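Read the figures in this text as sums done on the coordinates, not as results from a lab. Keep in mind the model is a prediction, meaning the values are calculated, not measured. Cβ coordinates were reconstructed from backbone atoms using ideal geometry, including for glycine residues, and neighbour counts include every protein chain displayed.
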Amino acid sequence: MEKLKLFDAEYKFMCIVWAYEPINSTELTRICEKDLGWKKPTTYSMIKKLSERGIMKNENATVATLIAREDVQKYEADVFMNRVFGGSIPSFVTSFLQDKTLSEDEAKKIKAMIDEVIEK
C-alpha cells in the first residue's frame, strides 16, 4: 500500500506523533522545534500534507495518526527485502549475519520467531 511510504522527514515526524498522540498541534510544534529544529510553519505544513494523504488527522487542533507504526515498518521492510534481496529471507539473513555473532539468547529468540511462523 503506497500510502504507507514515508520519506525520512515524514517518518521522524510520525515517530513524534506516535509517541505523544493524541497531541495538541501547538504542543506538537514545540516538540518538533526542539527535536527536529523545525519552525511552526514546517510542522503545520507536514500536518496538512499527511492529513491530505490520510495518514493522520487534525481535528480541533488535536493531531492523531490513522496508520500504525507497525504497518509502516512492515511495509518498509517488505520494500527493502524485495528491492535488495529479491524477497529472499535466507539471502537477507545470510547478509545480515555476515561478520556478526549472536548470543545464545538472541539465537533462541530468532529460532522461536521462526518456529512460530512455521506453526502458522
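Asn82 label point, 7 Å along Cα→Cβ, cut-off 11 Å on backbone N: hits in the stretch 1-43?
Within reach of a label on Asn82: 1-2.
How far is helix 25-36 tilted, in degrees, relative to the longest principal axis of the Cα atoms in the chain, given as a value from 0 to 90 rounded to the nearest 10?
50 degrees
Residues with beta-carbon under 14 Å from that of Thr29, excluding Thr29: net charge, scoring Lys, Arg +1 and Asp, Glu -1?
Net local charge, Thr29 excluded: +2.
Only one of the values (1) 56, 29, 18; (2) 73, 34, 26; (3) 48, 29, 26 was calculated from this structure for Cα extents along the principal axes in Å; name its label.
Computing Cα extents along the principal axes in Å and matching it to (1) 56, 29, 18; (2) 73, 34, 26; (3) 48, 29, 26 gives (3).
Using a ≥ b ≥ c from the Cα gyration tensor of the stretch 34-93 (square roots of the eigenvalues), is it rounded, prolate or oblate, where a/c under 1.5 gives rounded and otherwise the larger of a/b and b/c decides, a/b for prolate?
Taking the square roots of the gyration eigenvalues as a ≥ b ≥ c, the stretch 34-93 is prolate.
Taking the chain as a Gaussian network, Cα atoms linked when under 10 Å apart, which of Ala68, Ala107, Ala77 shows the biggest mean-square fluctuation?
Among Ala68, Ala107, Ala77, the largest GNM mean-square fluctuation belongs to Ala107.
Along Cα→Cβ, 7 Å out, is where each label goes; now give me the distance between the ones at Lys74 and Arg30 in nm to one decimal.
Between Lys74 and Arg30, the label points sit 3.6 nm apart.
Just to confirm the number: angle between the C-alpha axis of helix 40-52 and the first principal axis of the chain, 0 to 90 degrees, nearest 10?
Taking the Cα atoms of the chain, the angle to 40-52 is about 60 degrees.
Which FRET efficiency value, to the nearest 0.05, is calculated for Glu10 and Ile89 with the Förster distance at 25 angstrom and r the Cβ-Cβ distance?
0.35
To test your reading of the geometry: what angle, between 0 and 90 degrees and rounded to tens, separates the Cα axis of helix 69-85 from the longest principal axis of the chain?
The angle comes out near 50 degrees.
Which residue fluctuates most in the GNM of the chain (Cα springs below 10 Å): Thr101, Thr26, Thr65?
The residue that fluctuates most here is Thr101.
Which entries of Lys3/Lys49; Lys3/Lys120; Lys3/Lys39; Lys100/Lys120; Lys74/Lys111 have Cα-Cα distances beyond 23 Å here?
In this structure, Lys3/Lys120; Lys3/Lys39; Lys100/Lys120 exceed 23 Å between Cα atoms.
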